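Q: Shown below is the structure under consideration.
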Amino acid sequence: MTGEKKILIVDDEPEHRFICETLFNSRGYDVFTIPDCSRLVEVIEQYRPRLIIMDHHMPGMNGADAIRMLKAHADHRSIPVIYFSAHNELADLAKEVGADGYIRKPCELADLTGVIERYFPS
């Protein structure tokens, strides 16, 4: 796996992290997962992902606040963040907080792979 294909998954649901990690690993991506935003900046600075997939409802900092924080930080604002949530107003919220895209939960596996392929073209 190349360092260029790094994806960070931030989701408090273990099954969502497992499904994403398994799917993306099987397609040759290097995946790191965390269950909340408590170490988000530290993980980004150490792991250096090329794409972040962010849940909304998590303990502590929610996805909206995390995305706002990342997009306000000069070193991290260029990392694409995909909002991945069942939030009722996901499209509007994703736009409001500066997410680069969104996927509504539950989703089809093709939705996940389609988003990834958009950011990592062959």
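The values are calculated or read from the model by the stated rules, or taken from the named source; none is laboratory data. On a predicted model such as this, the values are computed, not experimentally measured, just so you know. Note: ideal-geometry Cβ built from the backbone for every residue, glycine included; neighbour counts use all protein chains shown.
Q: I'd like to verify a number: residues in segment 36-64 that are part of a loop (DSSP other than H, G, I, E, B) and of a type in the set (Ser, Thr, Tyr), how many? Outline the logic, then answer.
A: In the first step, residues of segment 36-64 are kept if they are part of a loop (DSSP other than H, G, I, E, B); the result is 36-39, 48-50, 55-62.
With the extra rule that they be of a type in the set (Ser, Thr, Tyr), the set shrinks to 38.
So the count comes out to 1.
Q: Within segment 73-80, does at least one residue satisfy the condition of being assigned to a helix (DSSP H, G or I) and either loosely packed, with under 12 Cβ neighbours inside 10 Å or in contact with a helix residue (DSSP H, G or I) (Cβ under 6 Å, 6 or more places away or on another chain) (or both)?
A: No: segment 73-80 contains no residue that is assigned to a helix (DSSP H, G or I) and either loosely packed, with under 12 Cβ neighbours inside 10 Å or in contact with a helix residue (DSSP H, G or I) (Cβ under 6 Å, 6 or more places away or on another chain) (or both).
Q: Oh, and also: Among (1) surrounded by fewer than 20 Cβ atoms within 10 Å (Cβ to Cβ); (2) in contact with a Phe, Trp or Tyr (Cβ under 8 Å, 6 or more places away or on another chain); (3) at pLDDT below 95, which single condition is Phe84 missing?
A: (1)
Q: Looking at segment 91-122, which of its residues are among the small types (Gly, Ala, Ser) and surrounded by fewer than 18 Cβ atoms within 10 Å (Cβ to Cβ)? Talk me through it step by step, then tell me what you get.
A: So in segment 91-122, the residues among the small types (Gly, Ala, Ser) come out as 91, 94, 98-99, 101, 110, 114, 122.
Residues satisfying the conditions are Ala91, Gly98, Gly101, Ala110, Gly114, Ser122.
Q: Looking only at segment 87-122, filter to residues that are assigned to a loop (DSSP other than H, G, I, E, B) and touching a residue at least 24 places away in the same chain (Cβ under 8 Å); which one of those is nearest to Lys5 (Cα to Cα)?
A: Phe120
Q: Select, from Leu23, Leu8, the only residue that is closer than 22 Å to Glu117 by Cα and assigned to a strand (DSSP E or B).
A: Going through Leu23, Leu8 in turn, the sole match is Leu8.
So that you can scan it fast, the table gives a plain yes or no per residue for (1) of a type outside the set (A, V, I, L, M); (2) over 21 Å from Phe120 (Cα atoms):
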position	(1), (2)
Glu21	yes, no
Arg27	yes, no
Pro35	yes, yes
Arg48	yes, no
Leu51	no, no
Met54	no, no
Gly60	yes, yes
Phe84	yes, no
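Q: When you scan segment 8-26, how many residues do you find that are in contact with a helix residue (DSSP H, G or I) (Cβ under 7 Å, 6 or more places away or on another chain) and either within 20 Å of Met61 (Cα to Cα) or among the basic types (Lys, Arg) (or both)?
A: Total meeting the criteria: 4.
Q: Still on this structure, please answer the following. Report yes if some residue within segment 47-59 is free of Cβ contacts under 8 Å to residues at least 40 places away in the same chain and among the hydroxyl-bearing types (Ser, Thr, Tyr); otherwise report no.
A: Within segment 47-59 (the criterion being free of Cβ contacts under 8 Å to residues at least 40 places away in the same chain and among the hydroxyl-bearing types (Ser, Thr, Tyr)), the answer is no, since none of the residues qualifies.
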